[in-house]
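Every number here is computed from the coordinates shown, using simple stated rules; none is lab data. Quick caveat, the model's predicted, so the values are computed rather than measured. Please note: Cβ atoms are built from the backbone with ideal geometry, for glycine as well, and neighbour counts cover all protein chains shown.
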């Protein structure tokens, strides 16, 4: 983690930027997880079928 600037305003701006980056990454990971969950659900459903074709 980067060190924060000395002045209060710059610290707030740096923290706000870090928070936005973490939030963006979190959203990306949530979408990735949702995609994987959907893939697993589809595969499980196909495995439960006797003849999936």
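Residue 50 to residue 9: extension gain in nm, 0.36 nm per residue of separation minus the Cα-Cα distance?
Values: separation 41, 0.36 × 41 = 14.76 nm, distance 6.38 nm.
Working it through step by step, the gained length comes to 8.4 nm.
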Notebook entry, point to check: Could you work out the helix-only [θ] at 222 nm for the chain, with each DSSP H run of four or more residues adding -39,500 (n - 2.57) and the total divided by the number of residues, to the nearest 500 deg cm²/dmol?
Noted result: -28500 deg cm²/dmol
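Once a ≥ b ≥ c are taken as the square roots of the eigenvalues of the Cα gyration tensor of the chain, is the result rounded (a/c under 1.5), prolate (a/b larger than b/c) or oblate (a/b not larger than b/c)?
Working: a/c = 10.13, a/b = 6.60, b/c = 1.53.
The shape class here is prolate.
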Margin query: Output the 0 to 90 degree angle, nearest 10, between the alpha-carbon long axis of helix 8-48 and the longest principal axis computed from the alpha carbons of the chain.
Written below: 0 degrees
Check: Once you put a point 7 Å from the Cα of residue 24 and another 7 Å from the Cα of residue 39, both along the Cβ direction, what distance in nm separates them?
Finding: 2.4 nm
